[in-house]
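Let me begin by presenting the structure, written as structure tokens, before commenting on it.
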Amino acid sequence: PSNSIFLQGVAGSKTVKINWNQYGYWHSGVKAYKLQLKQRNGRYKDWLTMSASQTAKDSINLESFGLDSICFRIVAVKDTGTLDSSISNSVCFVPSSYVWVPSGFSPNQNGLNDVFKPTTGYIFGNHPNPALRYEFRIFNRWGQMIFSTGNPLQGWDGSYMNSQCPSGLYIYEVKAIGYDGIPHQKRGTVYLIR
């Protein structure tokens, strides 16, 4: 039997599957496996406890963690009172970044589509490095910039200088860099509906 645990994983678009071999060094066997997640401070913390017969975890949603990279490891816990353990290698995933822009919105204060903003994931926001900063701008039909933000969570409410903008087409521009290094640059039109 092996004296170590080898952890490996396969990434999908938004989920991952990890698997590992059974730890076979202890005569008394394994009591449980603990799946640990690396925290922002660099330390691993128990995330799930699984039975000794389990050697895989499917459909782990990467977006639910809100981290720029997700690292896992497995800890085998010995089936005796000695609390011995064995730790696997680490497996890390960098989620795929994305930027999606809607084609219209209606800022009529009904709680539906009141703000125009791109839907983003795993991108840098207001970063100290200008090359990595998020930029979102809105222009009117004469090319005048009427909205700008560096915060991916902030959107345009359909106003300019405290006045509601009229219905019609507006030009948007989005620039972002993903944690995975992929640049996202989009330019198009959005229809404001009153």
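Here is how the numbers come out for the structure above:
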quantity	calculated
Cα centroid separation - the stretch 105-156 against the stretch 162-178, whole Å	7 Å
³J(HN,Hα) computed for each position of the stretch 122-137 - Karplus, 6.51 cos²θ - 1.76 cosθ + 1.60, integer Hz, glycine/proline x	6, 10, 6, x, 7, 8, x, 7, x, 5, 9, 6, 7, 9, 9, 9
Quotient of C-alpha Rg and 2.2 N^0.38 Å, computed over the chain	1.45
Links that overshoot a 31 Å alpha carbon limit, given the list K45/K186; K17/K78; K38/K186	K45/K186; K38/K186
Convex hull (Cα only) mean projected area of the stretch 122-194, reported in nm² to one decimal	5.3 nm²
Loop-resident sites, the stretch 137-194, for chymotrypsin sites (Phe, Trp or Tyr not before Pro), counting at most 15 other Cβ within 10 Å (DSSP)	W142
FRET efficiency for S163 and R187, using Cβ-Cβ distance with R0 set to 22 Å, rounded to 0.05	0.30
HN-Hα J in Hz across the stretch 106-117 - Karplus 6.51, -1.76, 1.60, θ = phi - 60°, x for Gly and Pro	9, x, 10, 6, 9, x, 10, 6, 7, 10, 9, 7
Computed over the chain: relative contact order in percent, which uses C-alpha pairs under 8 Å that are six or more apart	17 percent
Length gained when the stretch D114-N19 is fully extended (0.36 nm per residue, less Cα-Cα span)	29.8 nm
Whole-percent carbon and sulfur share, accessible surface of the chain, 1.4 Å	49 percent
Cα→Cβ-extended label distance, 7 Å offset, between S51 and S106, nm	5.2 nm
Phi-based couplings in Hz for the stretch 62-74 (Karplus 6.51, -1.76, 1.60; Gly and Pro marked x)	5, 5, 5, 8, x, 10, 6, 8, 10, 10, 10, 8, 10
Normalised contact order of the stretch 114-154, rounded percent, pairs of Cα under 8 Å and 6 or more residues apart	36 percent
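The values are calculated or read from the model by the stated rules, or taken from the named source; none is laboratory data. Every value quoted in this text rests on a predicted model; they were computed, and no experiment measured them. All Cβ positions, even for glycine, are placed from backbone atoms using ideal geometry, and neighbour counts span all protein chains on display. Only protein heavy atoms, including side chains, enter the accessible area calculation; ligands, DNA and RNA are left aside. Shrake-Rupley method; radii C 1.70, N 1.55, O 1.52, S 1.80 Å.
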